[in-house]
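Presented below is the structure to which this report refers.
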Amino acid sequence: MALAEPASSRTIAGGAPGLGLADDRFARGSILTLRIVMAFLWIQNTRWKLPPDFGADSKAGLYTYVDYAVQYPVFPPFAALAEHVLRPNLAIFGWGVLLAEATIGACLLVGFMTRAVGLIGFVQSLAIFLSVGRAPHELPWSYYLMMVGCLALAGVAAGRVVGLDGVLRPRLLRSEGVLRRAAVLS
C-alpha cells in the first residue's frame, strides 16, 4: 500500500535522500495506532447516545450535552441552535449523531475514506466542543485533541496504511469520472 512519492524524489531536510512514509515502519505504525485509537474513541462514545429518546425523558445522555450548549454557551449562535432546533428535535438529531459517530468509528477502524471521515470527525468534534466546552466537569482540551487527531488522520490519508483506502485507491485512480475523483477522499 504505497503512501510515498517515487524513491528518486524522496528527500529529507537539507536535500539528502530519505525514507518515504511507505518505507518507514515507525511512521506507518504510528499512523495505524492513531487511526485505531481514534476509531475506538468514536465507537465508545456512541454508548451513551441511546435511542429512542436519547436521554430526553431521564434528562441524561445526549440530552444533557445538548442542554449544556444552552446553559453554558461557548458560541451564542450555536447555543441558540441547540435551544431552538436541536433540543426540540432530539429524536431526529440523536439518530443523526449516533449514525455519524458510528460511521466515523467504523470507517476509521477499517481505513475507509479516511480523508473525508477525518474532516467529518473534525467538524463533529468541534460541534461537541461547542456543546460542552464550558460545561462543569468537562475537559475542553480533550475536544481539541479529538479535532487535531481527526485533522492528522485526514492529512496523512491514514487509511492508506493497512486500510481499505490503500487497496481501493489504486483501482479508483485507474478508473474514470466520479470514481477517479473519489480517490481524493481516500
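Here are a few things to note about the model shown:
- Verdict on GLY61 being crowded, with 18+ Cβ neighbours inside 10 Å, under 24 Å from the mean Cα position of the chain (by Cα) and at pLDDT below 95: yes
- Any hit, region 77-95, residues being in a helix (DSSP H, G or I), basic (Lys, Arg) and over 16 Å from THR46 (Cα atoms): no
- Test: LEU119 is within 27 Å of PHE26 (Cα to Cα), in a helix (DSSP H, G or I) and over 10 Å from the mean Cα position of the chain (by Cα): no
- Taking the listed residues LEU168, LEU153, LEU179, LEU173, the one that is modelled with pLDDT of 95 or more and out of contact with any strand residue (DSSP E or B) (no Cβ under 6 Å at 6 or more places or on another chain) is LEU153, with no other qualifying.
- Conditions (1) outside any loop (DSSP other than H, G, I, E, B); (2) touching a Gly at 6+ places or on another chain (Cβ under 7 Å); (3) more than 20 Å from PHE122 (Cα to Cα): number failed by PHE26: (2)
- Subset tally (residues that are crowded, with 20+ Cβ neighbours inside 10 Å, part of a helix (DSSP H, G or I) and not β-branched (Val, Ile, Thr)) for region 131-142: 1
The values are calculated or read from the model by the stated rules, or taken from the named source; none is laboratory data. Remember, it's a predicted structure, so these values are computed and weren't measured experimentally. Quick reminder, even Gly has a Cβ in these numbers, built from the backbone with ideal geometry, and neighbours come from all protein chains shown.
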